[in-house]
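K.L.:
This structure is in structure tokens; I'll ask about it shortly.
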């Protein structure tokens, strides 16, 4: 083995790319079972009562630890109560959400954090995540946080500062970029980093599909209530589909480059610039029943510090080419191949959504350092970089956007706060126009 390969292997062991034996040794089931046999019950609150929040609660339960879901919070009363009922039924003895621990409203997250819990699952609309994450870490809670963890430069700066605080407090953080806990991706990126295919020459990542839900305005809703309920269709809340879904694929590109360059933690690899194009042509925004202001297609050319390019496609357009995957080209694979691979790595759970909770629970019990907030924030900011490139039609530098980009989240938010975007007299919201949109003020 060469000295270079030894160095790579050392990096892989610290970044989650390990052999089956190393994984089993590091995350031995017996250590958690000893904890489960004692009295150290870990109480968990869920913030964000949609499908992913409820799903993450069940994944937490299925990871096998001595956990109990005891609180739930959501912006809306019916969603909070509905999620509590679903989780209680699914969790059986591992869920006991009493009526006094069901919270709703824009301040409900803080009440759930204060409900005597040890860990928090954060799964509300992405625009809220920097605020919710900061509050949980300041309160001394371990965190499982869905992706993206931020949708703007201001949110990124807040999450990065909170990551530092989490490390200082010894708190454990997992982010819902579950491919990191999927054996096929660990195996594939291990092979790439070990040089099996020679130097990587190009990355291509895709999330192309048919579309997403759009919720109608309900009678009596304030403008803020409507946007929070229909959050996917407002960039300040979702980050557009390039962040909300395509982040999974973009994150794989960052992971590949990080493995090649041996980067980890706050030094996780990211593009240094982006240029791209996009538009909104098929979402059917009519100013009445169907409203919103995000694009339905993005194409971005990302450039990394070593000159490597990543071509990124995402769209919500029916009857078009669909693909959700990641590919790399290399000297020995000039035609390209998928990043994921089938190999020898075996994990405790075949379901990566459950495996990520298992890893979090193990880190808490064993007292091992674990903070996925670093790569979660950097990949979320990479998606934001791409969005600002497509919205503006300009070449955007990472350092410029990180330092100069605004915080899109309103201060002192309540149900009567004016949102960052509002409709015109005909009910239409401002859709970004390339050549006019300012990526640093997030305004046309």
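Just so it is clear, none of the values below were taken in a lab; they were calculated from the coordinates. Because the structure is predicted, anything quoted here is derived from the model rather than measured. Virtual Cβ from ideal backbone geometry, glycine too; neighbours counted across all protein chains shown.
K.L.:
Explain nothing, just the number: relative contact order of the range 370-435, from Cα pairs under 8 Å at least 6 residues apart, as a whole percent. Before the final figure, lay out the partial values.
P.N.:
Details: 30 pairs, mean separation 22.2, N = 66.
The normalised contact order for the range 370-435 reaches 34 percent.
K.L.:
Under a 10 Å cutoff between Cα atoms, tell me which one of 240, 286, 407 has the largest fluctuation in the Gaussian network model of the chain.
P.N.:
Answer for the Gaussian network model of the chain: 286.
K.L.:
Cα centroid distance between the range 205-269 and the range 53-109, in Å?
P.N.:
That distance is 23 Å.
K.L.:
By how many nm would the segment from residue 134 to residue 306 grow when fully extended, if each residue of separation counts as 0.36 nm and the alpha-carbon distance is taken off?
P.N.:
Fully extending the segment from residue 134 to residue 306 adds 58.6 nm.
K.L.:
Only Cα pairs under 8 Å and at least 6 apart count here; give the relative contact order of the chain as a rounded whole percent.
P.N.:
So the answer I get is 20 percent.
K.L.:
At what distance in nm do the modelled label points of residue 217 and residue 415 sit from each other, each positioned 7 Å from its Cα along Cα→Cβ?
P.N.:
1.7
K.L.:
Now for a different question. Compute the whole-percent fraction of alpha carbon pairs in the chain spaced more than 38 Å apart.
P.N.:
Percentage above 38 Å: 20.
K.L.:
222 nm [θ] for the chain, helices only, -39500 (n - 2.57) per DSSP H run of 4+, per residue, to 500? Each step should come with its number before you reach the end.
P.N.:
On the way: 16 runs with 171 residues, N = 444.
The helix contribution divided over the chain gives -11500 deg cm²/dmol.
K.L.:
Another question, if that's okay. Report the per residue volume, in Å³, of the convex hull enclosing the C-alpha atoms of the range 235-366.
P.N.:
Details: hull volume 25.8 nm³, N = 132.
Each residue corresponds to 196 Å³ of Cα convex hull volume.
K.L.:
Spin-label point model (7 Å from Cα, Cβ direction): what's the residue 281 to residue 433 distance in nm?
P.N.:
According to this spin-label approximation, the distance is 1.9 nm.
K.L.:
If you average the alpha carbon positions of the range 166-189 and of the range 295-349, how far apart do those two centres end up, in angstrom?
P.N.:
One Cα centre to the other: 19 Å.
K.L.:
Working out 0.36 nm times the residue gap between residue 399 and residue 426, then minus their Cα-Cα distance, what length gain in nm do you get to one decimal?
P.N.:
5.9 nm
K.L.:
Could you check the simple spin-label distance between residue 202 and residue 337, using points 7 Å along Cα→Cβ, in nm with one decimal?
P.N.:
1.7
K.L.:
Still on this model: For residue 93 and residue 114, calculate 0.36 nm times their separation in residues minus their Cα-Cα distance, and state this gained length in nm to one decimal.
P.N.:
5.3 nm
K.L.:
May I pose another question? What is the range 315-421's relative contact order, in percent, from Cα pairs under 8 angstrom and six or more apart in sequence?
P.N.:
9
K.L.:
If you count the DSSP beta bridges with both ends in the chain, what percent of them are antiparallel, to the nearest 5?
P.N.:
Just about 50 percent of them are antiparallel.
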